[in-house]
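The numbers here are math on the coordinates, done by the rules we state, and not lab data. Owing to the predicted nature of the structure, the values given are computational and were not obtained by experimental measurement. Please note: Cβ atoms are built from the backbone with ideal geometry, for glycine as well, and neighbour counts cover all protein chains shown.
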Amino acid sequence: EAVVYYRELATVRAEAFAPDLAMSLNNLANRLSDVGRCEEALAAAEEAIGLRRILAEANPDAFIPSLAISLNNLSAFLSELGRSEAALSAALEAVELHRTVVVAHPDAFTSNLAMSLNNLANRLASVRKYEAALVTAQEAVFYYRALAATRPDAFVPDLALSLSVLGDCLEANK
């Protein structure tokens, strides 16, 4: 319902409501995925990314982070549908975008970069690029260790997940 309303509002005042429409589409994609409607989730995610690409082109500082998040979601949906190469491509782009924003705002976006690196490690492993997956997982663990050292309540769970991904990559590299 939110997508319907924001779509109507965006037709009248795109500059004001396109970001909200993109956010709602991203949220819809996540909810559709949660209930197993993967093809519909993929379509909503792709629409959100299309909008966020336009927004990021006009205002990179404001919209590249949300574009990167949407690309991570897209990567997961593509992976669920067995489209491993496309999932890898989306994950690579998400990491590249997160790297650019971390340079300017490390305190705000390092956790997003670490999350994207975990996702990328999984995607690399799914296409049997185990060495690259291992290096990527190690980088994610590095960032999560630093984050957990300063804010353990917020980042120890993420560190644990990252260590699990690293363990999987180590096992695959035997």
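A simple packing score, the average count of other Cβ atoms within 10 Å per residue, orders the peptides 62-70, 146-154 as 62-70, 146-154, with the highest score first. Volume per residue for segment 97-174 equals 73 cubic angstrom (convex hull of Cα atoms). In summary, segment 33-128 shows an alpha-carbon radius of gyration equal to 1.05 times the 2.2 N^0.38 Å reference for compact globular proteins. Axis angle, to the nearest 10 degrees, between helix 152-172 and the longest C-alpha principal axis of the chain: 60 degrees.
Compactness ratio for the chain: Cα radius of gyration over 2.2 N^0.38 Å (N = residue count) comes to 1.07. Summarising the label geometry, the points placed 7 Å from Cα in the beta-carbon direction at Tyr5 and Ala43 lie 2.3 nm from one another. Packing-based ranking of 31-39, 161-169 yields 161-169, 31-39, ordered from highest to lowest mean Cβ neighbour count within 10 Å.
For segment 2-79, a Kirkwood hydrodynamic radius built from all Cα pairs, placed in the Stokes-Einstein relation at 37 °C and 0.692 mPa s, yields a translational diffusion coefficient of 268 µm²/s. Checking every one of the trypsin sites (Lys or Arg not before Pro) in segment 61-153 against DSSP loop status and a limit of 14 other Cβ atoms within 10 Å picks out Arg128. To the nearest ten degrees, helix 130-150 and the longest principal axis of the Cα atoms of the chain are 80 degrees apart. For a modelled paramagnetic label at Ser126, 7 Å from Cα along Cα-to-Cβ, the residues of segment 132-174 in reach, with backbone nitrogen under 20 Å, are 132-141, 161-173. Count Lys and Arg as plus one, Asp and Glu as minus one, and take only other residues whose Cβ is under 12 Å from that of Val165; the net charge is then -3. When the chain is described by a simple charge dipole with +1 on each Lys and Arg Cβ and -1 on each Asp and Glu Cβ, the residue from Phe109, Pro19, Leu9 located farthest towards its positive end is Phe109.
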